Amino acid sequence: MKLEAEVTLYPLGQKELGPGVKAFVEVLREHGCHVEVGSMGSFVTGDSEQVSGALRQGYDRAASQGGCVLIVKACNVCPV
């Protein structure tokens, strides 16, 4: 099943916000997801298992650099 997700990652208590966000987006792309990065969040599309696995591993990689919050809104009927 195709899935589109709107995701926002908030690094917490870190001097630099960019490295955690960059690491997160890199994992999404490594998994073959289509990613549209915006100023306050991103849209991720792909197969549901592909996207969910990428989100899990991306969060793990970002969290390894410090505290963070991940907000995800997913839809299986959005045009992808």
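Values in this text are rule-based calculations from the coordinates and carry no lab data. Note that this is a predicted model, so its numbers are computed, not measured. Backbone-built Cβ (ideal geometry, glycine too); neighbour counts: all protein chains shown.
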Cys residues of the chain counted as unpaired, since no other Cys beta-carbon is under 4.7 Å
33, 68
Which angle from 0 to 90°, rounded to the nearest 10, does the C-alpha axis of helix 48-63 make with the longest principal axis of the chain?
0 degrees
Which one, 10, 44, 34, projects farthest toward the positive side of the charge dipole computed for the chain from Cβ point charges (K/R +1, D/E -1)?
10
Tail fraction, Cα-Cα pairs, the chain, threshold 18 Å, whole percent:
33 percent
Near residue 3, within a Cβ-to-Cβ distance under 12 Å, what is the net charge of the other residues, with Lys and Arg +1 and Asp and Glu -1?
-2
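With +1 on each Lys and Arg Cβ and -1 on each Asp and Glu Cβ, how big is the dipole of the chain about its Cα centre, in debye rounded to the nearest 20? Walk me through the numbers before you get to the answer.
Numbers: 7 positive and 9 negative charges, 34 e Å.
Value, rounded to 20: 160 debye.
May I ask for the net charge around residue 70, where only other residues with Cβ less than 13 Å from the Cβ of residue 70 are counted and Lys, Arg are +1 while Asp, Glu are -1? Let's see the in-between values first.
Values: positive: 56, 61, 73; negative: 6, 60.
Net local charge, residue 70 excluded: +1.
For residue 24, what charge total do you get from the other residues with a beta carbon under 15 Å from its beta carbon, if Lys and Arg give +1 and Asp and Glu give -1?
Details: positive: 22, 29, 56, 61; negative: 6, 16, 26, 30, 36, 60.
Its environment carries a net charge of -2.
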Go ahead and run the numbers for FRET between residue 57 and residue 17, Cβ-Cβ distance against an R0 of 25 Å, rounding to 0.05.
0.80
Within a 10 angstrom radius of the beta carbon, how do 69, 25, 77 rank from fewest other beta carbons to most?
77, 69, 25
Need one number: nm distance between label points at residue 1 and residue 34, each 7 Å from Cα along Cα→Cβ, rounded to one decimal.
1.9 nm
